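The values are calculated or read from the model by the stated rules, or taken from the named source; none is laboratory data. Since we're looking at a predicted model, the values are computed, not measured. Every residue, glycine among them, receives a Cβ derived from its backbone with ideal geometry; neighbour counts consider all protein chains shown.
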Amino acid sequence: MERTQKRDQWLEEAMAQWEVPLLRTCFLLLGDAALAEDAVQETFIKAWRAYHSWRGEASEKTWLMRIAVNTCRDMQRSKWFLHIDRKVNMEDLPEASISFDTPDDTLIQAIFSLPLSLRRIIVLKYYQEMTASEIAQAMGISRRTVHYRLEKAERLLKGSLEEWYYAE
């Protein structure tokens with residue numbers, strides 16, 4: 001009984017602390033607010049079930065982000081996901097935890113145009129402010145791969161956003 005209470009208490013605290021960051025991440029990976037909410041709910045269910053097997057080798061944030069990224073990846077692999085319209089509107093984005101003013105949705109669309117493997121790196125690096133080591137743990141890849149994908153994504157974004165950034 002005590003073990004279940006501890007797990008339930010952890011879940012409440014984790015949801016209070018990580019629900020919004022996970023929701024933003026899942027939305028940016030999936031491009032749909034309702035799917036992002038489902039992914040976050042599934043993430044917390046998976047984490048709750050696996051709570052006692054978590055060894056603490058990674059931070060709680062990294063552990064939950066890994067579960068969320070994998071949950072989004074599973075959703076993206078489903079045949080149903082391939083048949084939905086994933087066009088993103090700025091008003092559909094979850095509220096930012098920091099001020100993020102953009103004159104239009106060009107930046108978001110540029111991020112969504114990246115291949116998924118690069119988009120995941122950008123989201124975790126710039127939206128969740130995770131380090132390369134944390135991203136590597138969350139995605140189950142090497143730090144070297146993180147750096148390579150980050151450089152490639154930044155190069156692609158720079159090319160597609162350069163004109164937009166300097167236009168007034």
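Taking segment 20-68 as the region of interest, how many residues are of a type in the set (S, T, N, Q) and either within 19 Å of LYS125 (Cβ to Cβ) or in contact with a Leu (Cβ under 8 Å, 6 or more places away or on another chain) (or both)?
Total satisfying the criteria: 4.
Looking at segment 41-55, which of its residues are among the small types (Gly, Ala, Ser) and under 17 Å from GLN17 (Cα atoms)?
Of all residues in segment 41-55, those among the small types (Gly, Ala, Ser) come to 47, 50, 53.
Within segment 41-55, just ALA47 meets the criteria.
Can you tell me how many residues in segment 126-168 are modelled with pLDDT of 90 or more, among the acidic types (Asp, Glu) and assigned to a helix (DSSP H, G or I)?
3
What are the residues in segment 1-34 that are surrounded by 17 or more Cβ atoms within 10 Å (Cβ to Cβ) and not in a helix (DSSP H, G or I), if any?
Once the filter is applied, which keeps residues that are surrounded by 17 or more Cβ atoms within 10 Å (Cβ to Cβ) and not in a helix (DSSP H, G or I), segment 1-34 yields GLY31, ASP32.
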